[in-house]
Amino acid sequence: MPHIAVDAMSGDSGPSTVIPAIKDLLQNYPDVTFHLVGDSHILKSELQRMHLQDSEQVKIHHASQVIGMDEAPSQALRGKRDSSMHIAIALVRDGHADAVVSAGNTGALMAMGKVFLRTIPGIDRPAIAAFLPTTTGRFLALDLGANVDCHPEHLLQFAVMGSILAERVMGVAKPRVGLLNIGSEEIKGNEQVKEASLLLRAARLNFIGNVEGSDIYRGIADVVVCDGFVGNVALKTSEGLASMISHELRASYTQGIYGKLAYLVNRPILQRLRKRLDSRQYNGATLLGLNGIVIKSHGNADRYAFARAVEVGIAEARHRLTLHIAEVIQENLNPVVRNSA
């Protein structure tokens, strides 16, 4: 019976988004207990508005403080010990919850996760990992922004953790692992990537070699590894391109009588395309490598998107992801994973 801690005060709209999202999840997850952390007066009022005040699946944990999206992580650590984020992570640390979900300040969430949960023994740095769509399904990308500068050994650790997540949660046997590079040839890339490629080939992974940015959305790899600088730029560029295409389509189909007629004819196709590319269904990034499951939702997530982030936490909790990563790192991998620079 998974227990999920939710930073209910986080995100752009806090409880007014979080609690409706929880309501949507209750019917599909009757065995899950949701621990809502935040101002108890506000939470009780919102629960009553959503007719959830008597739900045995919902527990309230009072927190008098909220961490702002623009607060420095160090400030949040020192000065916000009664914040909803702090208490929610502490529930995981103390064994009262199996995962925590927050739409709050990413830097503060990562900092608190590292301080309170520590990293899994053998893992030097956590990575931000998220699922993204392909023409054939989806793939896992990491790191998406936690580590701007990485050693080759860190990329190996990311690959190992990503492979375990893809196998356990996605159900992919022997996940194909690709290293994001400027070309598929082994001679391409900087020294960091070249050295990482050698480590990945020597590890017990289904490493398929280098993959280019133009290939990752074709589904040639189940896990794509890169440092946080490259990953974040690639992610934001992809999001911007998707937004531009959506804008251009709307503009084209609303200009003139012929555009409107074309929209009516193509409406079913466009609706399927919109659903396929809807970034909300991929909301929920894992801070992979922490000694506990921590899920980061987009700060501007709506009801539907936040529910998807919570589902990521539920899935990882059910599959005991942290335990499996720890077991593999300690028992089955090349020692280089544990002896990074």
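The values are calculated or read from the model by the stated rules, or taken from the named source; none is laboratory data. This is a predicted model, so every value here is computed, not measured. All Cβ positions, glycine included, derive from the backbone under ideal geometry; neighbour counts span all protein chains shown. Ligands, DNA and RNA are stripped out before the accessible areas are found, and what is left, the full protein with its side chains, is counted by its heavy atoms. Shrake-Rupley method; radii C 1.70, N 1.55, O 1.52, S 1.80 Å.
Data for the structure
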{"quantity": "Hits in the range 114-126 (condition: assigned to a helix (DSSP H, G or I) and among the hydrophobic types (A, V, I, L, M, F, W, C))", "calculated": "Val115, Phe116"}
{"quantity": "Counted residues, the range 254-290 - those being closer than 30 Å to Gly313 by Cβ, aliphatic (A, V, I, L, M) and open to solvent by 90 Å² or more (accessible area, probe 1.4 Å)", "calculated": "1"}
{"quantity": "Unique residue being touching a helix residue (DSSP H, G or I) at 6+ places or on another chain (Cβ under 7 Å) and either open to solvent by less than 30 Å² (accessible area, probe 1.4 Å) or in the same structural domain as Ser163 (by the TED database) (or both) when the list is Glu248, Glu239", "calculated": "Glu239"}
{"quantity": "Cross-chain or 6+ apart pairs with Cβ under 9 Å, the range 288-302 first and within 16 Å of Phe116 (Cα to Cα) and at pLDDT 95 or above, then outside any loop (DSSP other than H, G, I, E, B) and acidic (Asp, Glu)", "calculated": "Ile293/Glu316; Ile295/Glu316"}
{"quantity": "Selection within the range 153-180 - surrounded by fewer than 20 Cβ atoms within 10 Å (Cβ to Cβ) and either part of a helix (DSSP H, G or I) or acidic (Asp, Glu) (or both)", "calculated": "Glu153, Glu167, Arg168, Val169, Met170"}
{"quantity": "Some residue of the range 95-117 being polar (S, T, N, Q), over 30 Å from Glu195 (Cα atoms) and not assigned by the TED database to the domain that holds Asp215", "calculated": "yes"}
{"quantity": "Within the range 47-105, tally of residues that are within 21 Å of the chain's Cα centre (by Cα), over 16 Å from Val32 (Cα atoms), open to solvent by 40 Å² or more (accessible area, probe 1.4 Å) and not aliphatic (A, V, I, L, M)", "calculated": "3"}
{"quantity": "Scope the range 1-57; condition under 12 Å from Ser102 (Cα atoms) and aliphatic (A, V, I, L, M); matching residues", "calculated": "Ile4, Ala5, Val6, Ala8, Met9, Val18, Leu36, Val37"}
{"quantity": "Gln330 being surrounded by 13 or more Cβ atoms within 10 Å (Cβ to Cβ) and without any contact (Cβ under 8 Å) to a residue 60 or more places away in the chain", "calculated": "no"}
